[in-house]
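Before any comments, here is the structure.
The values are calculated or read from the model by the stated rules, or taken from the named source; none is laboratory data. Just so it is clear, the model here is predicted, and its values are computed rather than measured. Here the Cβ is made from the backbone with ideal geometry for all residues, glycine too, and neighbour counts use every protein chain on show. Note: accessible area is taken over every heavy atom of the protein model, side chains too, but ligands, DNA and RNA are not part of it. Shrake-Rupley method; radii C 1.70, N 1.55, O 1.52, S 1.80 Å.
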Amino acid sequence: MSEHTEDLRLAGAGALEVTLYSRPGCHLCEAAKAAIHPLLEEFGATLHEINIDGDPVLTERYGWDIPVLFIGARKVAKHRINVRQLRRQLKEAKENAGQAHLVMVRKKGA
């Protein structure tokens, strides 16, 4: 059985790539987008919004659990977004990404 293309994309997602699984007409999804938008700007994160209704595998997987939010390849929330918790998670992701970059630079120059 092969992995779904979305699984592969998530597996390779960067530390500050945020993925929101949603569907049109979902009031919780709209509230989640409104809540995360300022944090995306604050941390320089990018958003990938995926409409699960466009894919039967994702519809089966997430169904009525939307919105589902990932930072990188890690699921961090579903249904409702806790802004304080999300800010902490994005801060940690940014710090970890910075540390990983320093390690790579040190190895190059070692």
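Taking the solvent-accessible surface of protein heavy atoms with a 1.4 Å probe, what is the per residue accessible area of the chain in Å²? Walk me through the numbers on the way to the answer.
Details: 7050 Å² over 110 residues.
Using a 1.4 Å probe on heavy atoms only, each residue of the chain averages 64 Å².
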Using Cα pairs under 8 angstrom and six or more residues apart, how large is the relative contact order of the chain, in percent?
-> 33 percent
Protection proxy (average C-beta count within 10 Å per residue), highest first, orders 65-75, 82-92 as 65-75, 82-92
The chain - mean residue ellipticity at 222 nm from DSSP helices (-39,500 (n - 2.57) per run, n ≥ 4, rounded to 500) = -17000 deg cm²/dmol
What part of the accessible area of the range 1-96, given as a whole %, is carbon or sulfur when the probe is 1.4 angstrom?
-> 54 percent
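Once you wrap a convex hull around the alpha carbon atoms of the chain, what is its projected area averaged over all directions, in nm²?
Numbers: hull surface 32.1 nm².
So the mean shadow area of the Cα hull is 8.0 nm².
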Which of 20, 54, 71, positive extreme of dipole for the range 18-77 (C-beta unit charges) | 71
Counted charge near residue 84, where neighbours are those whose Cβ lies closer than 14 Å (Asp, Glu -1; Lys, Arg +1) | +2
So for the range 12-69, what percent of the C-alpha to C-alpha distances run longer than 19 Å?
-> 30 percent
Between residue 82 and residue 53, the two model label points (7 Å from Cα along the beta-carbon direction) sit apart by a distance in nm of 3.0 nm
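Within a Cβ distance under 9 Å of residue 29, other residues only, what is the Lys/Arg minus Asp/Glu net charge? Each step should come with its number before you reach the end.
On the way: positive: 23, 33; negative: 30, 49.
Around residue 29, the surrounding residues sum to 0.
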Separation between Cα centres of the range 4-40 and the range 63-84, rounded to whole Å | 8 Å
